[in-house]
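J.: My questions will all concern the structure given below.
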Amino acid sequence: MAFNKMFIMLPVMLAARKLDGEDPNIVFMLRALYGAVQAVAVLVVLFIYTKAAAAAKERANEGVTIYVPPPPVPFEDPNAKKKYQEKSLTAHLVTTARGLVGSTLFGIVMTVGLHMWKGMIVGLAIQSIMCPFNLAENPLVSAVFFKGGLNNLKEKRIFGEKFREEMEDGDEITDEAGNTISFKKTDGKSGGKGKSDNNNKKAVEKKKSFEDVLLDTWDLGAEADVAPLLAELTKKNINYATKENGWTPVMIMSGLGCKNVDGALKKMKELGANPEIVDKEGWNALHWVRVFFMSCNRF
């Protein structure tokens, strides 16, 4: 069972409230203790960042995709569907390290700011005691100081991650944009010559993301089949904009010169499509109709 730092934090909070904030000796000692602890903390997180950046450049970690569970939630239903987010191992290393540096510096600014502005000493006392426990909770800090460093990451699984072949049918998977990812598992059997050693392992086929479906529909132009795109549309993604150009589903459908566009646009309207959204060139859906759709001699 994981250690719960609340068993330490609650007594510390109660004890800190009894400190005399008017006593200059107590204030001075708290400032000195807090300053020393936070100075060490800053050095630690900067050291961790350099270690994470170096690990991200290691060839063994390049191109590795991991599936990371969310942080544990108190009183979470043990029978709830397991959720995972697809991430690049190298990117997740750097992102986690940056988050550690940012949260540490932000905490210092907030605590010092409240102390200087309102004279609060409770924060100084609590953070002086809890800082080591907070750092130890970070998976990078734990790996560097308690698990032998950031080597053999595939074996250590410091983020509690899974790999693709380990994903189960009941797992809910999303990409970093929040789009749901589906996997189709097969038994990997094949006949005749050329069998590999992995024939008995489960092969996993990744489903296209919503953005890929959207752009594939546009690429096919007049030959496009709009059914796959319509099947993916929901009220949540109806106004989704592509990362590079800011194209929305209603823009792409407005510019296609293919069959069933009228019915598709009607469905999009029912889902809440906003034709007034503009892409990164300042065009909205009406511009797309005028430039692309009408050029196909549909009118």
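The values are calculated or read from the model by the stated rules, or taken from the named source; none is laboratory data. Remember, predicted model here, so these are calculated numbers, not experimental data. All Cβ positions, glycine included, derive from the backbone under ideal geometry; neighbour counts span all protein chains shown. Accessible surface is based on the protein model in full, side chains and every heavy atom, while ligands, DNA and RNA are left aside. Shrake-Rupley method; radii C 1.70, N 1.55, O 1.52, S 1.80 Å.
J.: Of the numbered conditions (1) at pLDDT 90 or above; (2) open to solvent by less than 50 Å² (accessible area, probe 1.4 Å); (3) closer than 22 Å to Ala97 by Cα, Tyr34 satisfies every one except a single condition; which is it?
T.: Of everything listed in (1) at pLDDT 90 or above; (2) open to solvent by less than 50 Å² (accessible area, probe 1.4 Å); (3) closer than 22 Å to Ala97 by Cα, Tyr34 misses just condition (3).
J.: Could you list, ordered by first residue, the pairs with Cβ atoms under 6 Å in which the first is in the stretch 45-73 and farther than 18 Å from Leu100 by Cα and the second is charged (D, E, K, R) and open to solvent by 20 Å² or more (accessible area, probe 1.4 Å), at least 6 apart or interchain?
T.: Listed pairs, sorted by first residue: Ile66/Lys87; Tyr67/Glu86; Tyr67/Lys162.
J.: Can I ask one more? Does Glu165 satisfy the criteria of being of a type in the set (D, E, K, R) and in a helix (DSSP H, G or I)?
T.: yes
J.: Continuing with the same structure: Please verify whether the stretch 144-151 includes one or more residues that are in a helix (DSSP H, G or I) and open to solvent by less than 60 Å² (accessible area, probe 1.4 Å).
T.: Yes - at least one qualifying residue is present in the stretch 144-151.
J.: Please work out which residue is surrounded by the most Cβ atoms within 10 Å (Cβ to Cβ), limiting yourself to the stretch 267-289 and to residues that are closer than 17 Å to Ala224 by Cβ and of a type outside the set (Lys, Arg).
T.: The qualifying residue surrounded by the most Cβ atoms within 10 Å (Cβ to Cβ) is Ala285.
J.: What is the one condition in (1) of a type outside the set (A, V, I, L, M); (2) over 30 Å from Glu86 (Cα atoms); (3) in contact with a helix residue (DSSP H, G or I) (Cβ under 9 Å, 6 or more places away or on another chain); (4) modelled with pLDDT of 75 or more that Pro249 does not satisfy?
T.: With (1) of a type outside the set (A, V, I, L, M); (2) over 30 Å from Glu86 (Cα atoms); (3) in contact with a helix residue (DSSP H, G or I) (Cβ under 9 Å, 6 or more places away or on another chain); (4) modelled with pLDDT of 75 or more applied to Pro249, the lone miss is (2).
J.: Moving on. Which number in (1) touching a residue at least 12 places away in the same chain (Cβ under 8 Å); (2) among the polar types (S, T, N, Q); (3) loosely packed, with under 11 Cβ neighbours inside 10 Å marks the one condition that Asn25 misses?
T.: Condition not satisfied by Asn25: (1).
J.: Next question. Within the stretch 249-256, identify whether any single residue is surrounded by fewer than 19 Cβ atoms within 10 Å (Cβ to Cβ) and either part of a loop (DSSP other than H, G, I, E, B) or in contact with a Ser or Thr (Cβ under 7 Å, 6 or more places away or on another chain) (or both), and answer yes or no.
T.: No, there is no match, as no residue in the stretch 249-256 is surrounded by fewer than 19 Cβ atoms within 10 Å (Cβ to Cβ) and either part of a loop (DSSP other than H, G, I, E, B) or in contact with a Ser or Thr (Cβ under 7 Å, 6 or more places away or on another chain) (or both).
J.: Let me ask something additional. Output yes when any residue across the stretch 43-62 is modelled with pLDDT of 90 or more, of a type in the set (S, T, N, Q) and surrounded by 14 or more Cβ atoms within 10 Å (Cβ to Cβ), and no when none is.
T.: no
J.: For the stretch 235-260, which residues satisfy the criterion of being of a type outside the set (Lys, Arg) and within 10 Å of Ala273 (Cα to Cα)?
T.: Those that are of a type outside the set (Lys, Arg) and within 10 Å of Ala273 (Cα to Cα): Asn237, Ile238, Asn239, Tyr240, Thr248, Pro249, Val250, Met251.
J.: Determine whether the stretch 127-137 contains at least one residue that is closer than 26 Å to Ile173 by Cα and either at pLDDT 90 or above or outside any loop (DSSP other than H, G, I, E, B) (or both).
T.: The answer is yes, given that some residue of the stretch 127-137 is closer than 26 Å to Ile173 by Cα and either at pLDDT 90 or above or outside any loop (DSSP other than H, G, I, E, B) (or both).
J.: Given the conditions (1) more than 26 Å from the chain's Cα centre (by Cα); (2) among the hydrophobic types (A, V, I, L, M, F, W, C); (3) open to solvent by 20 Å² or more (accessible area, probe 1.4 Å), which single one is not true for Ala264?
T.: Ala264 satisfies all of (1) more than 26 Å from the chain's Cα centre (by Cα); (2) among the hydrophobic types (A, V, I, L, M, F, W, C); (3) open to solvent by 20 Å² or more (accessible area, probe 1.4 Å) except (3).
J.: Being surrounded by 15 or more Cβ atoms within 10 Å (Cβ to Cβ) and free of Cβ contacts under 8 Å to residues at least 24 places away in the same chain is the filter here, so list the residues in the stretch 116-131 that pass it.
T.: Gly123
J.: Ok, one more. Just one of the numbered conditions (1) under 29 Å from Ser209 (Cβ atoms); (2) of a type in the set (S, T, N, Q); (3) not in a strand (DSSP E or B) is not true of Thr104; which one?
T.: (1)
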